[in-house]
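FYI, it's all coordinate maths here, none of it is from the lab. Keep in mind that what you see is a predicted model, and the values were worked out from it rather than measured. We place every Cβ from the backbone using ideal geometry, glycine too, and count neighbours over all the protein chains shown.
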Amino acid sequence: MKISSSKIIIKSLISEKIEFVFGYPGGAVLHIYDAIFLSNIKHILVRHEQAAVHIADGYSRSSNKKGVVIVTSGPGYTNCITGIATSNFDNSSIIILCGQVIKKLIAQNSFQELDNLSISNSIIKNFYSINCYYNIQYIISNSFNIKGPTVIDFPKDLTSSNNLLRNKYPFLIKKNTRNNKLKLKLKLKFYRPIILIGGGICSKKNYFLFDKFINNINIPFISSLMGIGNFNYRSLYYLGWLGMHGGADTNTVINFSDLIICLGTRLDDRITNNNNLFCPYAKIIHIDINLNSISKNIYCENFFIIDIKKFLKKKICYKNVKFWWKFIIFLNKFFYKRYKNDFFFCKPQEIIEFIFIISKGKFIISTDVGQHQMFAAKFYNFNFKSFITSGGLGTMGFGFPSSIGTKFANKNKKILLITGEGSFQMMMQELSTCKQYKINIIIINLNNQSLGMVKQWQEMNYKNRYSNSYISSLPNFKKLINSYNFYAFNFYNIKHFYFFFKKIICFDLFCFINIYIIQKENVFPIQIYNKSMCECINFFSIKKYEKKIFFYNF
């Protein structure tokens, strides 16, 4: 039997057990959309192509599935670039099926024609440009084996129903390959060891292996921002996460360690601060499956290019770390006080802690980028794959569409978006998508009427010169949300929010909660730029940097 090449595309997706595709139609992909109409695959219509990629990204991160996006040529694809870069930095698995003009018009500056490979070469893992409809099924199936964003470029004429081929192998037969046994023995002659884990450890099997591994060796461990949610946060050996806004005790501990075992992290600049001053006393052992992540920022002489699962099954022999633990416990007590309590006004730290206490950590939380992202990471304890955020690229506008994708992947779980008014406005057109597909999520908008992180830097580094960091033309969020027939509420008092939130989580509905928080509240500790890991502005030195800032006007 012979079928059209556009149907082969859909059959190849179905054979890979793809339930949803996210996209926006256009002239160059209408043959594929016609095949979707005649199939059982579910297409989710977004309102912007960037949102389609973020939705697929959130869908992929919160599950073990691939996120698939379909967009048209030209502006359809260029709108995806930010989403692709976000996915690439955080190494999430998505596939973009992109339309292209017909073959004979390529390289002639045709209408809606672009060189997609040149545009996105540095932010993708692989790029396929289809030149013959006979290899469509092979390329699609092969792209499912690639970790990270993959782009497949389809000239429109190759997806035409006139191109018929035998449907003998609609997908590749995946063969089980035997992994060679690796001989790895580590005898550590160190007194201040620590383990640093990143986003590369993310898998259900690694989650349990690491928990067993850490309980056997009794060595303290810390995580990067992207490593949050990939381990048991209740573990007695977990100290916190490090980096620019990481805990002062965590940054101090790693600064004085003499051995760092890095698992699935590329040690980017938000972790290391000044590369030349990063952990001067430590020997670094780097474990990663990707060679490109080794010595990317910090030179590492000792590394192993292996699957982390293999390393976690090994035994490690080490010296007595009794005095190391005493030092860690002392630092933890010394830096315990993290913010000032305020029982009348809404403080973001208290809001996040209340959310965790009330929900008992059962939410899958998606965040945008800014102060609210840091508050969520610091004051909420995350379970496995329950923290969806843009850590590498830091994309404002990521949170709302990614929470929609997370809901598609986890239909029976509660999804919470923590955002700010600046980030939410970048992708708020997806309210229409939520209405069409009845997506029920809870949105917490921490509204300080400013671009919070920018404002904080301007206070600390630019003598309170607030250049374009305050937003004086915000919409009435309650009326905006109500116009889509969704529920919306405003809060100015922490006590009222607490009792309301306790009730609202019992219902399955879309709810937007706009909370006016204290405008001068900033994220602490914060590392001092270009200094060592332990040099930071923490709770004890906040007063030096606090300014008298006007309160918001209602």
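Here are the numbers for the structure shown:
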| item | result |
| --- | --- |
| Karplus-derived 3J(HN,Hα), 6.51/-1.76/1.60, for each residue of the range 350-355, Hz, glycine and proline x | 5, 4, 5, 5, 4, 4 |
| Summed side-chain charge close to residue 126 - residues other than residue 126 whose Cβ falls under 14 Å, Lys, Arg +1, Asp, Glu -1 | +2 |
| Filter on 11/204; 478/502; 103/147 - keep pairs with C-alpha separation over 27 Å | 11/204; 103/147 |
| Net length gained if the chain between residue 110 and residue 333 were fully extended (0.36 nm per residue, minus Cα distance) | 73.7 nm |
| Ordering of 71-78, 54-61 by packing [mean C-beta count within 10 Å, highest first] | 54-61, 71-78 |
| Distance violations [Cα-Cα > 29 Å] among 42/310; 125/310; 189/296 | 42/310 |
| The range 348-523, relative contact order in percent, only Cα pairs under 8 angstrom and at least six apart counted | 23 percent |
| Relative packing of 192-201, 293-302, which averages over residues the other C-beta atoms within 10 Å, highest first | 192-201, 293-302 |
| Cut-off 14 Å between beta-carbons: net charge of the residues surrounding residue 42, Lys and Arg +1, Asp and Glu -1 | +4 |
| Amide H contacts of residue 42 (H built 1.01 Å from N, under 5 Å, at least 5 apart or other chain) | 21 |
| Enclosed volume per residue, in Å³, of the convex hull spanned by Cα atoms of the range 186-334 | 102 Å³ |
| Kirkwood-based shape ratio for the chain, expressed as Rg/Rh from alpha carbons | 0.98 |
| Mean Cβ neighbour count within 10 Å, used as a protection proxy, ranking 451-460, 117-126 highest first | 451-460, 117-126 |
| Percent RCO, i.e. relative contact order, over the chain, from Cα pairs under 8 Å lying at least 6 residues apart | 14 percent |
| Binned Cα-Cα distances of the range 255-359, short to long, each 5 Å bin given as a whole percent | 2, 9, 14, 15, 13, 15, 13, 11, 6, 2, 1 |
| Residue-averaged 222 nm ellipticity for the chain, from DSSP H runs of 4+ at -39500 (n - 2.57), nearest 500 | -9000 deg cm²/dmol |
| Estimated vicinal HN-Hα couplings, Hz - the range 243-252 in sequence order (Karplus 6.51, -1.76, 1.60; Gly, Pro = x) | x, 4, 10, x, x, 4, 5, 5, 5, 5 |
| ³J(HN,Hα) computed for each position of the range 57-69 - Karplus, 6.51 cos²θ - 1.76 cosθ + 1.60, integer Hz, glycine/proline x | 5, x, 4, 5, 5, 8, 8, 9, 10, 7, x, 10, 10 |
